Every structure is written in C-alpha cells, then in structure tokens.
Amino acid sequence: MPERPLRIAHVVRRFTFDEWGGTETVVWNTALNQLKLGMTPEILATSALSRPGEEIREEIRIRRFPCFYPYFPMPRETARLLDKKGGNPFVPALFRTLRRERFDLIHIHCGGRMAVMSALLAHRLRVPCVISLHGGHAAVPPEELRQMMAPTRHKFHYGGIFDRLLGYRRDAVAEADAVICISREEERRLAASYPGRRIVYLPNGVNVEDFRRKPDCSPREEWHIPSDRRLVLCVSRIDYQKNQQILLELPRHDPGCHLLLIGPVTAPWYHRQLLERAKEQGIADRVTVIPGLEPGDPRLKAVLHEADVFVLPSLHEPFGIVALESWAAGLPVVAARTGGLKDFIVPERNGLLFDPEDPAALVACCDRLFRDPELGRRLAENALSDVRAFSWEALTGRLLALYGELIRERA
C-alpha cells in the first residue's frame, strides 16, 4: 500500500440522489466507509438524470461528466429512458480525467463502453482495476436484455464504428484484475467462463443500527393507509424486472390487505400498466404507489417499522439490499427464489421464498404470516441475528484486503 492515502476512482454510469437504487447504495456506502478507513475515494459518473459538475457531500467528491448515446435520432425522451436504465454512453471527459489524474486503483461499477474504457485506461496507467457486477453479467434473463434495448430500436447505431476504431469491442470482465460478484450463481458461472481469473464473491451490506431505529414520523398516516389494514411493503424500482404486478394478487385475495410500493419509475409503461390493472381489478383503493424517495428520507426507514411484511417478487435480482434493510428493521421478509436472494434467505429460518411466476405461492406465504404471528416473530428475530454479518464496515474491510493484494501484485 502507498504511504499516502489510497486514492480510489469509483466509476459508475449514473449517480444521482433523486433516483436511488442498489448500485448507488453500494457505491455510496463503500465510499463512506473507505473514507473512515483513511482512504480518498471519489465518485466519477455521467450526468445522466443530473447535470455536469462537481459536488462534495459528506467529504466525498462527486464529479459528473457530459455523455451521449451513439444513436440517431436521439430525442430527449429516448435519452432519458436510457439514463434511467440500459444506457451505454460515451463519456470522453470522464476518461480524460482518469488519464490525467493519479488514482491508485480504478473500481468500475458499470458495464458496456464505460467499463471497457476504464479497464483499458487502468492497464495503460499501470494501476489495478476491479469491476463489480451489480446488475449481473452471466445470469441476466434474455427478456430483461430485450427490454433494456427497446428504446434504441429502429435507430441508427453509429457507436459501433467508434468502438472498432478505438479498440473498445472487448470484454470488460476479461480485462479486469478482479471481478466482484454479488451472487453465488454469478460467481460459479463466471469461474467456469473465465478460468484463471480472480472471481470474488462479496455480498452487499446494510447499516444495521440506522435501520434498527424508527424515525419520528408516520408515513402510513401521511399516505392515508387505514390502520386496520395489513400492510404489505415493497421498496424497489417500478420496473418489469421487479415484477410488482404479481403483488396485486394479495389485496385481490385478501380485502384486509393494503399494498404499498415505493421506488423510482425506471419503466414508465410498466408503471402505467400496474395502475391500470389495479383499477381493472377493483383494488385501486388498496394499492399505494410512491414513485421514489431520496435516500435518507426518514419515511423509508419508518415504513419498514410500520409494515406487516416486506415482499420482493423480482424476476431477476442480483442481490436485494432492501431485504437486508427489512431484516435490520425487524420486518419479516418474503422473497422470490432468484439471484442473490436465495444466497442469504434461508426458508423457515430468516424468511420465506416463492417462485416469482407463481401467484398462488406468493399468496400462500403471506397467508401463513398473517395467520401465524409467531412465525413472523421467529423469522424476524433470526434475521436480525443474521444481518449483522452484512455490515458495511466488515464488507469494506474485505474489499480493502482485495485492493491491497492487487496493488502489491501490480508493484
């Protein structure tokens, strides 16, 4: 390790406090804990859903650079959809900054061109390069990929010309010195596909004590959810990948149940479809959608204490940090048997799992919890014990050990 503070560049496609997701949560908490450990982390992102410029927040320097998507035509509405999800931009100013400034390690939290260009720059600068696969890589469903690329249909893609000329048609995973997976399935698949590469399983984390305390507010009352209804909560992007439509089965099956969905809208058409189906099924008065709250909003933590059960029904979920947050708040969890969720949720011990394409299985899980309060208490108690292994402090320490190995090898 160098004697001066280790300077780390966290490269992420999008970093905005207005529309928050799992990747932002990991990058931010990792940077904060690295700062506590005496390092100098910086976040370098595009200006997607934000504006170019620089800010310092909690002593973390965040820089956002102009970007563009290489398609023609590219109306503002299409660019905004790509900002939200699936965009693969060119960001020349970001890479000029990486090339000019002296970072000790480049940690990539994105894919596509940004990942390849960052990895190639790291090689040129002779500094280690780590890539974290927050959205998955080897286990992303084909339908998910198809939907992500939908905004670019019937548009001329001129980016491929530049990719060939600049040598960017490469595999970022193959170029990285270490690859961090957040699910065991991803780890196994990548180890088989990239023999000899350093593939590391490092789960995401949670600030346990932050979620143990209930803020002094009542979002249930603020959002006019009757106190006599059983409250089913889902905090997640409003998106086809997250599969919230299956949750409509719960208030349809149980008139005493109220569904609360909180999260930024990354697929507007899916959001509209969700509301339309609730209206068609006559349950619109028992479904509340809050389209996104800023991280740190006390209502996000308070509602975890006011709900009766947390449900995450994702079709594809690389990890699922919100399940850990629910555990820390003492809320029983029901989740889809998919991705990283099945790595840490042990059925009948700290949660219940169901097939995300089987509405009857979801209803059965929630019925069990509503009819057997003792089961919910037992699951929540075990989960609170298990969640302490996922503290950001412990996980950042493991990440620092990996950084140290890479820097020593490079030296």
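The values are calculated or read from the model by the stated rules, or taken from the named source; none is laboratory data. Predicted model, so just to flag it, every value in this text is computed and none were measured. Because the Cβ atoms are built from the backbone with ideal geometry, glycine has one as well, and the counts that use them run over all protein chains shown.
Residues checked against (1) assigned to a helix (DSSP H, G or I); (2) aromatic (Phe, Trp, Tyr):
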position	(1), (2)
Ile8	no, no
Leu49	no, no
Leu81	yes, no
Phe103	no, yes
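Being β-branched (Val, Ile, Thr), in a helix (DSSP H, G or I), touching a Lys or Arg at 6+ places or on another chain (Cβ under 8 Å) and in contact (Cβ under 8 Å) with a residue 40 or more places away in the chain narrows it down to one of Val173, Val179, so name that one.
Criteria check complete, one pass: Val173.
Of the residues Gly376, Gly397, Gly339, which is modelled with pLDDT of 95 or more and either out of contact with any Cys (no Cβ under 9 Å at 6 or more places or on another chain) or in a loop (DSSP other than H, G, I, E, B) (or both)? Let's see the steps before the verdict.
Values: Gly397 fails: modelled with pLDDT of 95 or more; Gly339 fails: modelled with pLDDT of 95 or more.
Gly376 is the lone residue from the list that is modelled with pLDDT of 95 or more and either out of contact with any Cys (no Cβ under 9 Å at 6 or more places or on another chain) or in a loop (DSSP other than H, G, I, E, B) (or both).
Just give me the residues in segment 10-47 being surrounded by 19 or more Cβ atoms within 10 Å (Cβ to Cβ), among the small types (Gly, Ala, Ser) and modelled with pLDDT under 95, in sequence order.
Residues satisfying the conditions are Gly21, Gly22.
State whether the residues of segment 377-396 include one that is among the polar types (S, T, N, Q) and under 23 Å from the mean Cα position of the chain (by Cα).
yes
Just to be sure before I move on: is Val311 part of a strand (DSSP E or B) and out of contact with any His (no Cβ under 8 Å at 6 or more places or on another chain) in the structure I sent?
Numbers: part of a strand (DSSP E or B): yes; out of contact with any His (no Cβ under 8 Å at 6 or more places or on another chain): yes.
Judged against the criteria, Val311 is a match.
As an exercise: evaluate Gln245 against (1) surrounded by fewer than 19 Cβ atoms within 10 Å (Cβ to Cβ); (2) more than 17 Å from Ser314 (Cβ to Cβ); (3) at pLDDT 95 or above and give the number of the one condition it does not meet.
Status for Gln245: all satisfied but (2).
In this structure, is Pro373 farther than 19 Å from Arg220 by Cα and either crowded, with 18+ Cβ neighbours inside 10 Å or assigned by TED's automatic domain parsing to the domain that holds Arg57 (or both)?
no
So which residues in segment 49-80 are modelled with pLDDT of 95 or more, crowded, with 18+ Cβ neighbours inside 10 Å and either out of contact with any helix residue (DSSP H, G or I) (no Cβ under 8 Å at 6 or more places or on another chain) or not aromatic (Phe, Trp, Tyr) (or both), if there are any at all?
Ile60, Ile62, Arg63, Arg64, Cys67
When both residues are 6+ apart or on different chains and their Cβ atoms are under 8 Å apart, which pairs have a first residue that lies in segment 271-287 and is over 19 Å from Arg237 (Cα atoms) and small (Gly, Ala, Ser), and a second that is outside any strand (DSSP E or B) and at pLDDT 95 or above?
Correct list of pairs: Ala284/Leu275; Ala284/Ala278.
Cβ-Cβ under 7 Å, sequence separation 6+ or interchain: first residue in segment 143-161 and closer than 18 Å to Glu317 by Cβ, partner surrounded by 13 or more Cβ atoms within 10 Å (Cβ to Cβ). Which pairs?
The qualifying pairs are Glu144/Gln241; Glu144/His316; Gln147/Tyr240; Met148/Lys85; Met148/Gly86.
Which residues, taken from segment 248-257, are in contact (Cβ under 8 Å) with a residue 60 or more places away in the chain and buried (at least 17 other Cβ atoms within 10 Å of the Cβ)?
Matches in segment 248-257: Glu249, Leu250, Asp254, Cys257.
Are any residues in segment 351-365 in contact with a Leu (Cβ under 6 Å, 6 or more places away or on another chain) and either part of a helix (DSSP H, G or I) or more than 15 Å from Glu317 (Cβ to Cβ) (or both), and if so, which ones?
Cys365
Pull out all pairs, ordered by first then second residue, where Cβ-Cβ is under 9 Å, the residues are six or more apart or on different chains, the first lies in segment 60-72 and is touching a residue at least 24 places away in the same chain (Cβ under 8 Å) and on the phi < 0 side of the Ramachandran plot, and the second is among the polar types (S, T, N, Q) and assigned to a strand (DSSP E or B).
These pairs meet every condition: Arg64/Thr46; Phe65/Thr46; Pro66/Thr46; Cys67/Thr46.
As an exercise: evaluate Arg61 against (1) assigned to a helix (DSSP H, G or I); (2) under 12 Å from Ile43 (Cα atoms); (3) basic (Lys, Arg) and give the number of the one condition it does not meet.
Here Arg61 meets the rest and fails (1).
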